[in-house]
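Engineer: The structure follows.
The values are calculated or read from the model by the stated rules, or taken from the named source; none is laboratory data. Here the structure is a predicted model, which is why all the values come from computation and not from measurement. Cβ sites come from the backbone with ideal geometry, for glycine too, and all protein chains shown count toward neighbours.
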Amino acid sequence: MIPLENFLILSGILFAIGLYGVMARRSAILILMSVELMLAGVSINFVAFATYLDGDAFSGMVFALFVITVAAAEVGLALGIVLRLFRERRTAYVDAADSLKW
Amino acid sequence: MAPILLVLIALLVGDQITGPELVFWLAFTVIVLGALGTVLIPNIVHAALALIAALLGVAGIYVLLAAEFIALVQVMVYGGGVVLLIIFGLMMTNAQDDPLVTDGSQKPFALLVALLLGGVFVAAALDAQWGAETVSVIPFRDFGARLFRDFMVPVIIVGVLLDIALTGGIVNARPPLHADAESEGGAG
């Protein structure tokens, strides 16, 4: 049997890589993709705990399901905003959207 | 990929690792390489393809954790819907530009923070003492029945949230109508 720690380490690595992408990338769509990586890492954690430690194994899976659903909603909304930004500014770089710095 | 697969198969034949462990390390490799590709590749379309690989590897991990339903949802929603949306977003925002994107100058700082946080996670996971491990599995049929019985209100709330978010996305992304453009021009 694979120890629980393996899954936790995998999800930690995935979350850290996604965090690096969120902080290092400039394109809004690439930042969105990195956020998806972070959410996937969190879902792995939920499902691993549900299967290994919860005798019922249900709540964690429901959480993973809701994370996936909310991520889908978030991607749809965020891409609408990125398209709007691109139409008004001709760029998808987040550091170009600084009109508060007038 | 191929050399790692060969090494894993050699270990399996030599009885060093079991079948599930082979699947785990294979999925581990796919996920970590795909995630690194997503955050490091300068070509934005190739980064999206690496993201698909990473997310499908995550679906493999779910299968290994006996969560078949979550794995199916992962393949359908992420591998199908989300990545398709992202690639359409790429098409509509970077079409006339170079597909290569430059990263910010904050890279070293981001690398430092990510390494520190990842180190904390790994150290904490190795250090923690968990209770007795019990592998428990929920069959498909029970999962659906209990989802709509015990979690009915959250399911409805998530449905309303999805509706609102996608409607907002459409309203945001729609090209401005003539009347809107005139009034915006007049106001601006």
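Engineer: Go through A:Phe66, A:Phe7 for me and flag whichever is touching a residue at least 24 places away in the same chain (Cβ under 8 Å), over 19 Å from B:Ile44 (Cα atoms) and of a type in the set (Phe, Trp, Tyr).
Structural biologist: Criteria check complete, one pass: A:Phe7.
Engineer: Looking at B:Val75, B:Val158, B:Val153, can you tell me which residue is modelled with pLDDT of 90 or more, over 24 Å from the mean Cα position of the chain (by Cα) and in a helix (DSSP H, G or I)?
Structural biologist: It is B:Val153.
Engineer: Here are some residues: A:Ala50, A:Ala78, A:Ala96. Which one is more than 23 Å from B:Leu115 (Cβ to Cβ) and surrounded by fewer than 18 Cβ atoms within 10 Å (Cβ to Cβ)?
Structural biologist: Of A:Ala50, A:Ala78, A:Ala96, the one residue that is more than 23 Å from B:Leu115 (Cβ to Cβ) and surrounded by fewer than 18 Cβ atoms within 10 Å (Cβ to Cβ) is A:Ala96.
Engineer: Also: Any residue at all in the stretch B:145-156 that's of a type in the set (Phe, Trp, Tyr), facing another protein chain (nearest Cβ under 7 Å), surrounded by 12 or more Cβ atoms within 10 Å (Cβ to Cβ) and over 25 Å from A:Leu10 (Cβ atoms)?
Structural biologist: Filtering the stretch B:145-156 for residues of a type in the set (Phe, Trp, Tyr) gives B:148, B:151.
Of the ones still in play, those that are also facing another protein chain (nearest Cβ under 7 Å) are B:151.
From what's left, surrounded by 12 or more Cβ atoms within 10 Å (Cβ to Cβ): B:151.
Restricting the remaining residues to those that are over 25 Å from A:Leu10 (Cβ atoms) gives B:151.
Checked against the condition, which is being of a type in the set (Phe, Trp, Tyr), facing another protein chain (nearest Cβ under 7 Å), surrounded by 12 or more Cβ atoms within 10 Å (Cβ to Cβ) and over 25 Å from A:Leu10 (Cβ atoms), the stretch B:145-156 yields at least one hit.
Matching residues to (1) assigned to a helix (DSSP H, G or I); (2) within 30 Å of A:Ile29 (Cα to Cα); (3) more than 7 Å from chain A (Cβ to nearest Cβ):
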| residue | (1), (2), (3) |
| --- | --- |
| B:Ala110 | yes, yes, no |
| B:Phe121 | yes, yes, no |
| B:Val137 | no, no, no |
| B:Arg141 | yes, no, yes |
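Engineer: Let me ask another. Among the residues of the stretch B:166-178, is there at least one that is assigned to a loop (DSSP other than H, G, I, E, B) and at pLDDT 85 or above?
Structural biologist: No, that holds for no residue.
Engineer: Return the pair list, or none, for Cβ contacts closer than 7 Å from residues in the stretch B:35-49 that are at the interface with chain A (Cβ under 9 Å from one of its Cβ atoms) to residues that are of a type in the set (Ser, Thr, Tyr), at least 6 apart or on different chains.
Structural biologist: From residues that are at the interface with chain A (Cβ under 9 Å from one of its Cβ atoms), the pairs are B:Thr38/A:Ser34; B:Val39/A:Tyr20; B:Val39/A:Ser34; B:Ile44/A:Ser27; B:Ala47/B:Thr38.
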